[in-house]
Amino acid sequence: MNANRKGLVTFSTIDPDAALRAAVAKTRTEMIAEVTASKLKGRGGAGFPTGVKWNLAAAAKGDAKYVICNADEGEPGTFKDRVILSEVPDLVFAGMTIGGIAIGSAKGIVYLRGEYAYLRAQLEEALARRRAAGLLGPQILSKSVGFDIEIRMGSGAYVCGEETALIESLEGQRGEPRNRPPFPVDTGLGGQPTIVNNVETFACVAAIFAKGAAWFASIGTEKSTGPKLFSVSGDCANPGVYEFPMGITVAELLREVGGEDAKAVQIGGASGRCVPASEFARTISYEDISTGGSVMVFGPQRDMLAVAKNFMEFFVEESCGQCTPCREGNAKLLEGIEMLEEGRCSARYLDELLTLGEVMQNASKCGLGQSSPNAFLSIVSHFQDELMGRTHGPAR
Amino acid sequence: MSDQEKANTQTSRAPISQRGHLVKMPTNGTAIGALVTISIDGLEVKVPLGTTILEAAKQIGVKIPTLCYHEDLCIAGVCRICVVEVEGQRTLQAACAYPITSPLKIRTHTRKVRQARRRILDLLLSKHYGECYSCFRNGNCELQSLAADLGVDFFRFGHPDKPTSETDNSSYSVQRDMNKCILCRRCVRTCIDLQEVGVLEAVHRGDKTRISTFMDKPLAEVVCINCGQCINRCPTAALGAADPTDDVWRDIINPAKHVVIQTAPAPRAAIGECFGLAPGTPLTFEMNSALRAIGFDKVFDTNFTADLTIIEEGTELILRLHKALVEKQPVALPQFTSCSPGWVKYIEHFYPEMLPHMSSAKSPQQMFGSVIKTYYAKLHNLDPADIVTVALMPCSAKKFECNRPEMASSGYKDVDYGLVTRELAQMFKEAGIELPKMPKSDFDDPFGTATGSGVIFGATGGVMEAALRTVIELVSGLKVENLYDHANILPVRGFDGVRYVELTIPKVGPVPDLLKTNKHLPFDSWDWLAGATLKIAVAHGTANAKKVLEDIKAGGKLSECHFIEFMACPGGCLGGGGMPIPTSPAIRAARAKAIYAEDAAYEVRKSHENPAVIRLYNEFLTDGPNGHTAHHLLHTTYTPRGKYIA
């Protein structure tokens, strides 16, 4: 599936090599200042300011430093990184190289989702081309800085998209999130300072250096700058990957994709939240509804309990099993949904489950457990009437 | 493998971010490192940067409940029971895993915190088969106490009413009941990180996660060394020792059986803990009376064979040294001690190529078994077939050891049952014996006289100290007291993981008569040892043993050693897998203190001066230390097992 719409960054004609040339003309401090000025925030969904992250890693002491591109794109309904990697990989590699030079790292790693193994050959070719052109290697653009990129494969665990689990996986351990703090910027891969950024974040970095931080910051809203890729799927006329400025309303987006009659939209994938039609005027941005890119449209005929069940089945399967709230909590929520299906769930027990969901959000060790109840909680709060009072089996 | 991965896998397998917390932070408030003032529940405390919230709270007496946290282990932060509110943080933070790096305001029992803790506990209870009445950890279970502390009065998310998996009883030493497991992973961290054995690991994901062995094999068929350190650190009854008390009771009440018990030094310093006494309260002589009260025919002191071990192992060392230094023959040096059965199985699995370094001397437990069923049987005109030997040990691996097929040189099973401290305490309780209130009585003859050297076998470094006291005196003819104050050889004591000591033999004396009884002794003077420097080392915990072995293989400093003491358990026997639960560095230090105090109280403190040992050589082992009879009864062989077992 290719992009449905050419955009400002990813599917424009930005020259990644020009971006890299512009970057190496600056000092490391200036490079980080440029990223900070663009107000770019992490495109994986968490929205941590990229400039701040890089600055911390640049300041941290270490024998080596690492730049990791999180290409483990595993959030259900997200497929924009795949499009970036298949169409404009040089944008990502240029962004990683800029990051490496900025924080003082000589080594980048692309952690590629296991299911994207078919992309590996063409990505390796792109890397080889860049080495031949002096854009990667011991002397980038004939300067005295070196940086190279290695591709490492994920093995299909959703949790390895969490940056510390990803690092554990790279180190050859069971993919389980670490305690934070310490954060990867000072204690990352092999205990060394490490930045982990999303594929799209690195593409944005290249765009920032090609066209300037001011240009980037002029797009979107005050707090959410730049354009954003959306992977749109579900009950709409034109599913696919779209690039819109940050701050677009849900209604506008639905109009663009032909999904105006939606009953609800799940924004942010399984770990995101369910937005009912009454809230379609809200904006997609870090200050309102944040997303790594997944937008799932649910038409009027959809059974929201089935939607919730689908998400919970996913989390029961994908919880790493390390911490109690996530390991046991997700299974209890799924069990509750099955009780709702059969009309066996009392209002009192449903309340218990809602409290349990909050506890999971508050007390889980990593982002997976903290966000896994989101879908269930938002669906129950918006569609309680639809969920309660079933007498025999799932509604059709 | 790239550089950063090598750095991470060299020894420990704990994630680097979690190993950082093992670095001991100064606690006196003025030590090096910047200080930061935080407030916990409104109380201010100044702590060095990097202190965890849990450690800071302890300093001011604020109790935060924990489950997966253990003082001896790297941080996991997985149970989430210790969550607290940190002002400005959206989510709750695990107190055990949160290093303080800025002035924080922390609340430990807000509504949000209590709500989370109760539900986390409810979730754990929904999977824990808690049949408390019939559980051996009843009354000493961290999950049970936590449920009491948090006021659990119903099972919010249900409770299993029957077990769903089989208990693994395959091992002679360690049993696993996964119905009780709450996935705190202390056993995993014990095995992988503390001991660096790596038998246990989490498998599968989500709510299907469980702790398992390689390919789900029974424990008896994997490289488990039986150290039982996992048992000591399990908060519930998911791990326990194979319990022989029913068999012991059966033989005690059988009038046809002559049931004798030998008691090792470490249990005496700890059994009081099972009766509510502080760690390090010795009950040696109360225990003797209690053992007779529950029906043992004779109560012997394992220290007797500890002394015997010193003579045998020491003679073996001298013979090896002579071979190397005088005969210039190839011989495996350093010699390794062989009293710790966990260590024995460790080297058999992980370093089988280094087995020639092992002393062939049996452990004191096994020496005693064969002496009882031969010498003692003859002395008292008993049929060895009617003698039952029980060994009270601090050690789960002793259970495996006494079941080794080669341990039958008396013609019978040398030791019938390995009983651990916890199990004996249970027997006393069942018999209504209040141990601390029992009258004191001594051990039975003919093995009653022991020495302080035997006692200190219970602590790491003890075997080495005992060996040195004897070797120094036998070789130099000098009194150890003249070289070391009160014969306390302090450099080998303590809890440092690996300790290295050099001792120069000041002068040589005449070869003592005891050694000369061995007609094959290849020398008649010590001249060849004059001015020699003895290099020795001590290691406890198999992670430290691994460091030593790797250093020897790499030709490092320790490869020049002559003699090295290895104990499988951290702290030595006093930290054994059969000792009372819980364990911690402070508890082990208290037990060690009791052991060294008992040593200091003995009149005879050197193995070679033990009159019962001398009598045994005179009457029974007449061809002397390492002679033919001694070799047959007191020495053993090893099995190169390797890591890959069918």
Could you tell me the relative contact order of region A:149-278? Use alpha-carbon pairs under 8 Å, at least six residues apart, and round to a whole percent. 10
Taking the number of other C-beta atoms within 10 Å as the exposure measure, put B:THR637, B:THR305, B:THR629 in order starting with the fewest. B:THR637, B:THR629, B:THR305
Could you pull out every one of the lysines with an alpha carbon less than 22 Å from that of B:LYS535, ignoring same-chain neighbours closer than 8 positions? B:LYS323, B:LYS328, B:LYS479, B:LYS507, B:LYS546, B:LYS547, B:LYS553, B:LYS557, B:LYS606
Calculate for chain B the 222 nm mean residue ellipticity that helices alone would give, adding -39,500 (n - 2.57) per DSSP H run of length 4 or more and normalising by residue count, nearest 500 deg cm²/dmol. -8500 deg cm²/dmol
In degrees rounded to 10, the 0-90 angle between helix B:111-125 Cα long axis and the longest Cα principal axis of chain B is 50
Relative contact order of chain B, please, whole-number percent, based on alpha carbon pairs below 8 angstrom and at least 6 residues apart. 15
Cα gyration tensor shape for region A:227-298, rounded if a/c is under 1.5, else prolate or oblate: rounded
Burial ordering of A:VAL241, A:VAL145, fewest other beta-carbon atoms within 10 Å first: A:VAL145, A:VAL241
P(r), alpha carbons of region B:124-241 - 10 Å bins starting at zero, rounded %: 13, 47, 32, 8, 0
Where labels lie 7 Å past Cα in the beta-carbon direction, separation of B:ASP496 and B:LEU150 in nm: 4.3
Please state the Cα pair-distance histogram of region A:135-254 with 10 angstrom bins from zero: what percent is in each bin? 11, 27, 31, 27, 5, 0
Folded to 0 to 90 degrees: helix A:324-341 orientation relative to chain A principal axis, Cα: 40
Shielding score for A:169-181, defined as the mean number of other chain Cβ atoms within 10 Å: 6
Partner chain coverage, peptide A:326-334 - average Cβ within 10 angstrom: 6
What is the distance, in nm, between label points placed 7 Å from the Cα along the Cα-to-Cβ direction at A:SER142 and at B:ASN618? 9.7
As an exercise, use a Förster radius of 45 Å and the Cβ-Cβ distance of A:GLU317 and B:LYS519 to find the FRET efficiency, rounded to the nearest 0.05. 0.05
What are the aspartates and glutamates whose alpha-carbon lies under 15 Å from the alpha-carbon of B:LYS643, with same-chain residues fewer than 8 places away excluded? B:GLU196, B:GLU221, B:GLU348, B:GLU353
Roughly what % of Cα-Cα distances in the protein assembly as shown sit above 53 Å, to the whole percent? 30
Could you work out the per residue convex hull volume over the alpha carbons of chain A, in cubic angstrom? 124
In what order do B:THR245, B:THR209 fall by count of nearby beta-carbon atoms within 10 Å, going from fewest to most? B:THR245, B:THR209
Those GluC sites (Glu not before Pro) in region A:240-288 that DSSP places in a loop and that have at most 14 other beta carbons within 10 Å: A:GLU260, A:GLU287
GNM on chain A, C-alpha springs below 10 Å: top fluctuator among A:VAL295, A:VAL275, A:VAL67? A:VAL275
Averaged over B:116-126, how many beta carbons belonging to a partner chain fall within 10 Å of each residue's beta carbon? 6
Rounded to whole Å, sorted largest first: equivalent-ellipsoid semi-axes of region A:276-337, Cα gyration tensor: 26, 17, 10
Principal axis lengths of region B:441-587 from Cα atoms, whole Å, largest first? 51, 50, 32
So how long is each side of chain B along the principal axes, counting just the alpha-carbon atoms, biggest first, in Å? 79, 58, 50
In region B:416-525, GluC sites (Glu not before Pro) in a DSSP loop with at most 16 other beta-carbon atoms within 10 Å: B:GLU434
Contact order normalised by length for chain A, with contacts defined as Cα pairs under 8 Å and 6 or more residues apart; what percent is it? 18
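Rounded if a/c is under 1.5, else prolate if a/b is larger than b/c, else oblate: which is region A:16-217, with a ≥ b ≥ c the root eigenvalues of its Cα gyration tensor?
Judged from the Cα gyration tensor, region A:16-217 comes out rounded (a/c under 1.5).
I need the calculated FRET efficiency for the pair B:LEU49 and B:LEU478, taking r as the beta carbon distance and R₀ as 45 Å, to the nearest 0.05.
Values: r = 51 Å, r/R0 = 1.14.
Efficiency for this residue pair is about 0.30.
Quick note: the coordinates plus some simple rules give every number you see, no bench work behind them. Note that the coordinates shown come from a computational prediction; the quantities given were computed from them, not determined experimentally. Here Cβ is always computed from backbone atoms with ideal geometry, including for glycine, and neighbour counts include all displayed protein chains.
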